[in-house]
Amino acid sequence: GAGVSQSPRYKVAKRGQDVALRCDPISGHVSLFWYQQALGQGPEFLTYFQNEAQLDKSGLPSDRFFAERPEGSVSTLKIQRTQQEDSAVYLCASSLNRQPHPFFGPGTRLTVL
Amino acid sequence: DAKTTQPPSMDCAEGRAANLPCNHSTISGNEYVYWYRQIHSQGPQYIIHGLKNNETNEMASLIITEDRKSSTLILPHATLRDTAVYYCIVDRMDSSYKLIFGSGTRLLVRP
């Protein structure tokens, strides 16, 4: 069956460019999460949606990071004016409402030069 | 900050049991122990979770001590495909959206 998909899988950006990362959650999953994973570290929470509502964005590192899920399904994480420290793998996960564990996608590896 | 402590790396021989320890001495009564693993270039994969009883599924067994301050994930017959980073996480079931992963244990299964 289809799992969580993310695109692109790899993205190279020049410092200062804007990027948009897409997440297609599992069909019917109400909850959607974004995590950031730096090299050699565990994933760190960025933000959480329930349907189209962004209920928690406490993990977004700066106002250059913006996430949306306008129709409660596909989500986009946008990073404006990328910096080298934004280089990381960005993971998306989804789950049914109140399911104890989310399902993760393969991630998008962002490299900022 | 992560609420768990895990060894940074372990190894075991293929076909043998892999026992991965985790300390969570500050665990609260309503917090569960979750285990995830992350194979290279993939997203984290849920393995198992438990509250206080030992649990077993098709992937692994979870042994939680009686005082709940530590647990062990057991892969009964490790294969090369089990080489991964294993994360032990404690969280309330109703707040599992904000999982705190820590650095995990890098398990290498040797041929």
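Quick check: pseudo-label points 7 Å beyond the Cα along Cα→Cβ at A:Asp18 and B:Ile39, how many nm apart are they?
With each label placed 7 Å out from Cα toward Cβ, I get 3.8 nm.
Per residue, how much space in cubic angstrom lies within the convex hull of the C-alpha atoms of chain A? Before the final figure, lay out the partial values.
Details: hull volume 10.9 nm³, N = 113.
Looking at chain A, the number lands at 96 Å³ per residue.
Need one word for segment B:31-111: rounded, prolate or oblate. Basis is the Cα gyration tensor (sqrt eigenvalues a ≥ b ≥ c); a/c below 1.5 gives rounded, then a/b vs b/c decides. Intermediate results must be reported in sequence, preceding the final value.
Values: a/c = 2.06, a/b = 1.33, b/c = 1.55.
It comes out oblate by the Cα gyration axes.
Compute the convex hull volume of the Cα atoms of the protein assembly as shown, divide it by the residue count, and report the result per residue in Å³ as a whole number.
Normalising the Cα hull of the protein assembly as shown by residue number yields 123 Å³.
Take every Cα pair under 8 Å in chain A that's 6+ residues apart, average their separations, divide by the length, and report that relative contact order as a whole percent.
Normalised by residue count, the contact order of chain A is 36 percent.
Could you calculate the FRET efficiency of B:Asn19 with B:Asn57 from 1/(1 + (r/R0)^6), where r is the beta carbon distance between them and R0 is 22 Å, rounded to 0.05?
On the way: r = 17 Å, r/R0 = 0.75.
Once rounded, the FRET efficiency stands at 0.85.
For segment A:61-113, just the Cα set please: Rg and Dmax, both in angstrom.
For segment A:61-113, the Cα-based Rg and Dmax read 13.1, 39 Å.
What does the extension gain come out to for A:Arg64 and A:Arg81, with contour length at 0.36 nm per residue minus their alpha carbon separation? Let's see the in-between values first.
Details: separation 17, 0.36 × 17 = 6.12 nm, distance 0.69 nm.
That pair, A:Arg64 and A:Arg81, stretches by 5.4 nm at full extension.
Strictly under 4.7 angstrom between C-beta atoms: which cysteines of chain B have no such partner?
Singleton cysteines: B:Cys12.
Between B:His24, B:His40, B:His77, which gets the highest mean-square fluctuation from a Gaussian network model of chain B, Cα cutoff 10 Å?
B:His40
What GluC sites (Glu not before Pro) in segment B:30-78 are in a loop by DSSP, with at most 11 other Cβ atoms within 10 Å of the Cβ?
Taking segment B:30-78 and a limit of 11 other Cβ atoms within 10 Å, the loop GluC sites (Glu not before Pro) found are B:Glu58, B:Glu66.
Under 8 Å for C-alpha pairs, at least 6 residues apart: give me the relative contact order for segment A:62-113, rounded to a whole percent. Can you show the working numbers first?
Values: 65 pairs, mean separation 15.8, N = 52.
Normalised by residue count, the contact order of segment A:62-113 is 30 percent.
First measure r as the distance between the Cβ atoms of A:Glu52 and A:Leu113, then evaluate 1/(1 + (r/R0)^6) with R0 = 30 Å and state the FRET efficiency to the nearest 0.05.
On the way: r = 34 Å, r/R0 = 1.13.
Result of the calculation: an efficiency of 0.30.
Pairs of alpha-carbon atoms within less than 8 angstrom and 6+ residues apart define the contacts here; what relative contact order does chain B have, in percent? Don't skip to the answer; put the middle values down first.
Working: 271 pairs, mean separation 41.6, N = 111.
Taking the mean separation of contacting Cα pairs over the length of chain B, I get 38 percent.
A short reminder: the numbers here are calculations on the coordinates, not readings from a lab. Since this is a predicted model, take the numbers as computed values, not measurements. In this analysis, Cβ positions are derived from the backbone assuming ideal geometry, glycine residues included, and neighbour counts consider all displayed protein chains.
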